[in-house]
Structure formats: C-alpha cells, structure tokens
Amino acid sequence: MFLLPSVYEGFGYVLVEAMASRLPVVAYDIKSSGEIIREGTTGFLCPPGKPQGLADRVLTLAGNPELLKQMGAAGRKRVEEHFGFRESANRILQLLQTGTDTTF
C-alpha cells in the first residue's frame with residue numbers, strides 16, 4: 001500500500017504512480033486526492049488532519065490481503081483508463097480548445 005499524509009498537493013502524481021504499481025492508496029481527502037482515488041475501490045480517503053483515520057485505514061488494508069490485492073488491481077485499471085498518455089493528451093487538447101477541463 002501507499003500512504004500520502006499530505007494536506008496539500010497540486011496534483012497527486014505520486015498517487016497515480018502508486019496506483020499504476022498496483023498499490024492501494026490511503027490519503028487525506030483533499031481536492032487532488034479526491035480527483036484520483038475512488039473511496040473504497042482504489043484506496044481510502046480520510047478527513048484532513050485526522051491521523052487516526054489514516055492509521056485505521058492502513059491497519060484495515062494490512063489485515064486484509066485480498067482487499068489489498070483488489071484495490072491494487074482497481075487502481076491500476078483506473079490509471080490505465082483515465083491517466084494514460086492518450087487520456088491526458090485529450091484533456092489538454094480540450095482545455096486548449098474550449099478553456100474547460102474534463103473531469104476524471
């Protein structure tokens with residue numbers, strides 16, 4: 001698993017990289033993390049500034065190897081579907097053409 005206890009991230013590329021490596025992630029529920037992680041599917045999001053929430057989720061994953069594996073696979077799939085080269089290039093092109101970004 002991958003733990004990111006940051007309370008601010010511009011965009012959590014490190015989360016995408018962790019998910020690409022089939023690691024479920026545990027992070028604070030801040031804007032950038034919430035755009036990447038799917039709560040309960042690819043990892044866990046916890047209220048910012050509540051380290052006990054992070055610790056509880058880490059223990060949940062550590063005690064459940066099957067959940068760890070499932071979330072890791074779901075994270076990899078999400079990266080392939082939403083954060084690959086083509087998807088990123090298409091979002092940039094849309095932003096340049098329309099001035100608006102697509103959601104993840």
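The values are calculated or read from the model by the stated rules, or taken from the named source; none is laboratory data. Small disclaimer: the values here were computed from a predicted structure and weren't measured. We place every Cβ from the backbone using ideal geometry, glycine too, and count neighbours over all the protein chains shown. These area figures cover heavy atoms from the full protein model, side chains too; ligands, DNA and RNA do not enter into them. Shrake-Rupley method; radii C 1.70, N 1.55, O 1.52, S 1.80 Å.
So the values come out like this:
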{"read-out": "Qualifying residue in the range 11-23 (condition: open to solvent by less than 60 Å² (accessible area, probe 1.4 Å) and among the acidic types (D, E))", "value": "no"}
{"read-out": "Selected residue (only one of A73, A89, A55 is in contact (Cβ under 8 Å) with a residue 24 or more places away in the chain and among the small types (G, A, S))", "value": "A73"}
{"read-out": "Test: G43 is open to solvent by less than 70 Å² (accessible area, probe 1.4 Å), touching a residue at least 12 places away in the same chain (Cβ under 8 Å) and either in contact with a Ser or Thr (Cβ under 6 Å, 6 or more places away or on another chain) or over 17 Å from R76 (Cβ atoms) (or both)", "value": "no"}
{"read-out": "Scan of the range 57-104 for residues that are outside any helix (DSSP H, G or I) and either open to solvent by less than 40 Å² (accessible area, probe 1.4 Å) or out of contact with any Leu (no Cβ under 9 Å at 6 or more places or on another chain) (or both), ordered by number", "value": "G63, N64, F83, G84, G99, T100, T103, F104"}
